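The values are calculated or read from the model by the stated rules, or taken from the named source; none is laboratory data. These numbers come from a predicted model, not from an experiment. Counting neighbours? That spans all protein chains shown, and the Cβs are built from the backbone with ideal geometry, glycine included. In case anyone asks, the SASA skips ligands and DNA or RNA and just uses the protein heavy atoms, side chains included. Shrake-Rupley method; radii C 1.70, N 1.55, O 1.52, S 1.80 Å.
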Amino acid sequence: MTETVTTAPAELTGAGARRRLAHVRWSDFSLVPVILVLMVIGFIVSPVFLTSDNLISVIQQSSELSLLVLGQALILICGRMDLSLESTIGIAPVIAMWLVLPSEGGRFAGLGLLPSWTAIPLCLLVGVAIGTVNGFLMLKLNVNGFIATLGMLTMLRGLHVGITEGKSITEVPESFRYLGKTDWLGAPAAVWICLTLFAVGGAALAWLRHGRALYAIGGNPEAARAAGIRVDRITWAVLAIGGLLAAFAGILYTGHYGSVAATQGNGWIFQVFAAAVIGGISLKGGRGTLFGALTGVLTLQLVVNVMTLGGVPALWNQFLNGAIIIVALVISRFASGEKQD
């Protein structure tokens with residue numbers, strides 16, 4: 001569990017910080033009752049809901065989305081946002097396969113420049129590069145982050161369509177399939193990996209100096225800079241990590257379904273923001289926890305699963321996600337008493 005911080009690091013020490021941490025731990029669990037209620041409703045709607053196959057399916061479907069939410073949560077806490085994460089989950093695997101797959105003999109014609117074992121490192125490097133470019137645009141060129149990442153999202157989506165010619169890539173390297181299909185201790189490997197990454201991220205935010213600096217930067221960047229925190233360097237690193245996590249989500253998603261869909265990631269950014277917001281991450285920066293973000297993902301997936309088992313068409317999912325965001329923003333507005341400009 002991590003602490004909600006909106007002030008300078010100097011205030012994060014001593015008894016005051018410990019009292020604040022004790023208070024926030026209770027708020028971290030605010031969505032747990034909602035999840036329990038959803039599980040009761042799911043059991044009433046369909047006896048299939050509480051079967052192990054259904055619950056594991058819900059958790060695995062949450063794993064790829066949760067990595068995007070993890071990256072976005074870190075960026076939001078730092079006072080920034082990145083809309084291009086939804087394109088990164090698609091374009092990173094595409095570029096990796098474009099470079100390693102042979103130019104002949106398959107449905108998708110790659111360049112065949114590199115051996116297939118480099119596919120995963122290449123995919124992760126693409127994610128880091130996208131986050132780094134976003135950081136350059138925001139921090140060095142002082143471009144508005146919303147517009148810059150929206151432009152990046154659109155550009156990457158066009159690059160995805162251009163390379164694949166609008167087709168899905170089905171010749172997936174075995175390394176991608178392994179992570180998406182393998183089970184560890186009775187549960188998908190993707191689930192264990194995601195839980196580990198959330199635990200590492202939460203511990204970093206709670207106990208590492210650079211992790212705790214994210215709250216100070218998001219709460220008041222000028223005060224953080226005055227306190228000696230390297231604001232630009234840390235923010236840049238967080239944006240790169242966000243791209244890295246989105247690329248890793250692309251690896252898991254591609255392995256899970258055995259292909260890179262032509263529309264992979266389209267519209268995911270709305271679910272990412274919905275999960276982050278209802279999980280307590282502030283759009284103004286400096287507040288929120290990774291545990292809250294994770295419960296936000298589970299809440300969204302359980303709502304969709306209950307509706308599916310109840311016979312509600314999947315076409316209503318987008319409407320539901322939008323409605324959840326609006327309701328969460330209204331509740332947050334009146335609960336915090338702060339304007340959301």
Filter result (touching a strand residue (DSSP E or B) at 6+ places or on another chain (Cβ under 9 Å) and either part of a loop (DSSP other than H, G, I, E, B) or under 19 Å from Val330 (Cβ atoms) (or both)) within region 260-271:
Ala261, Ala262
Any chance you could count how many residues in region 42-83 are more than 15 Å from Ala274 (Cα to Cα), in contact (Cβ under 8 Å) with a residue 40 or more places away in the chain, of a type in the set (A, V, I, L, M, F, W, C) and assigned to a loop (DSSP other than H, G, I, E, B)?
3
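Condition check ((1) modelled with pLDDT of 90 or more; (2) open to solvent by less than 60 Å² (accessible area, probe 1.4 Å)) across all residues:
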position: Gly242; (1), (2): yes, yes
position: Tyr253; (1), (2): yes, yes
position: Phe270; (1), (2): no, no
position: Leu309; (1), (2): no, yes
position: Ile331; (1), (2): no, no
Of Ala204, Ala274, which residue is over 18 Å from Val94 (Cβ atoms), open to solvent by less than 20 Å² (accessible area, probe 1.4 Å), of a type in the set (Gly, Ala, Ser) and part of a helix (DSSP H, G or I)?
Ala274
Which one of these is under 18 Å from the mean Cα position of the chain (by Cα), at pLDDT below 90 and either surrounded by fewer than 18 Cβ atoms within 10 Å (Cβ to Cβ) or closer than 30 Å to Ser52 by Cβ (or both): Gly166, Gly180?
Gly180
Sort out which residues of region 98-132 are over 24 Å from Met155 (Cα atoms), in contact (Cβ under 8 Å) with a residue 24 or more places away in the chain and either not in a helix (DSSP H, G or I) or not polar (S, T, N, Q) (or both), and write them in order of number.
Gly106, Arg107, Trp117
Number of the condition not met by Ile147 [criteria: (1) touching an Asp or Glu at 6+ places or on another chain (Cβ under 7 Å); (2) open to solvent by 40 Å² or more (accessible area, probe 1.4 Å); (3) of a type outside the set (Asp, Glu)]
(1)
Suppose we keep only residues that are within 15 Å of the chain's Cα centre (by Cα) and open to solvent by 20 Å² or more (accessible area, probe 1.4 Å) within region 278-300. Which one would you say is farthest from Ala73 (Cα to Cα)?
Leu298
Kindly indicate whether any position in region 211-222 is farther than 13 Å from Gly71 by Cα, buried (at least 21 other Cβ atoms within 10 Å of the Cβ), of a type in the set (Lys, Arg) and out of contact with any Cys (no Cβ under 8 Å at 6 or more places or on another chain).
no
Can you name the residue in region 14-46 that is open to solvent by 100 Å² or more (accessible area, probe 1.4 Å) and more than 29 Å from the chain's Cα centre (by Cα) and, of all such residues, is modelled with the lowest pLDDT?
Arg19
Any residue at all in region 84-96 that's open to solvent by less than 70 Å² (accessible area, probe 1.4 Å), hydrophobic (A, V, I, L, M, F, W, C), in a loop (DSSP other than H, G, I, E, B) and modelled with pLDDT of 90 or more?
no
Pick out the one residue from Gly292, Gly285 that is in contact with an Asp or Glu (Cβ under 7 Å, 6 or more places away or on another chain) and under 23 Å from Gly218 (Cβ atoms).
Gly292
